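Everything on this sheet refers to the single structure shown next.
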Amino acid sequence: GVYSSEVEVCGLLWKLLLVKRSSSPYLEVYLLSRTYDPGPWSIDVSAEFRLILTDEYRHLQREIKETFCHRHTRWGIPEFIPWNELEGFGRMVQLKFDSTSLTLSES
């Protein structure tokens, strides 16, 4: 997978992870808490993932609402979009997360 750089939101560090597995026809999108506090903590999170393709009229928006804690630091959407729907836009996918842009290539 491809990881974004860390972004601080509400005093916590976060990363975005894009995954394209050869065994799955989908692009997977995950939000990861990079908080290294081993003690018990939790935070309710509402996150919106937006995929904006080269065609300005084609975009996808999905939202998650989950509780992140010291035991569950990764939540996301394992079937964000079928990879074959991206084929008309080339082999590169860009996803924006705050001010971070991630690029994933099909391998």
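The values are calculated or read from the model by the stated rules, or taken from the named source; none is laboratory data. These numbers were taken from a predicted model, which means no experiment stands behind them. Cβ atoms come from the backbone with ideal geometry, glycine included; neighbour counts cover every protein chain shown. Only protein heavy atoms, including side chains, enter the accessible area calculation; ligands, DNA and RNA are left aside. Shrake-Rupley method; radii C 1.70, N 1.55, O 1.52, S 1.80 Å.
Can you report the number of residues in region 58-88 which are modelled with pLDDT of 75 or more, loosely packed, with under 15 Cβ neighbours inside 10 Å and part of a strand (DSSP E or B)? Summing the residues that are modelled with pLDDT of 75 or more, loosely packed, with under 15 Cβ neighbours inside 10 Å and part of a strand (DSSP E or B) in region 58-88 gives 9.
Listed by first and then second residue, the pairs with beta-carbon distance under 9 Å, at least 6 apart or on different chains, first residue in region 26-47 and over 24 Å from Pro78 (Cα atoms) and without any contact (Cβ under 8 Å) to a residue 40 or more places away in the chain, second of a type in the set (Phe, Trp, Tyr) and open to solvent by less than 20 Å² (accessible area, probe 1.4 Å), are Trp41/Phe68. For region 1-57, a tally of residues being over 26 Å from Asn84 (Cα atoms), open to solvent by 50 Å² or more (accessible area, probe 1.4 Å) and in a loop (DSSP other than H, G, I, E, B) returns 9.
Residue count for region 10-36, restricted to those that are within 20 Å of Cys69 (Cα to Cα) and in contact with a strand residue (DSSP E or B) (Cβ under 9 Å, 6 or more places away or on another chain): 15. Cβ separations smaller than 8 Å between residues 6+ apart or across chains give the following pairs from region 4-19 residues that are on the phi > 0 side of the Ramachandran plot to residues that are surrounded by 13 or more Cβ atoms within 10 Å (Cβ to Cβ): Cys10/Ile43.
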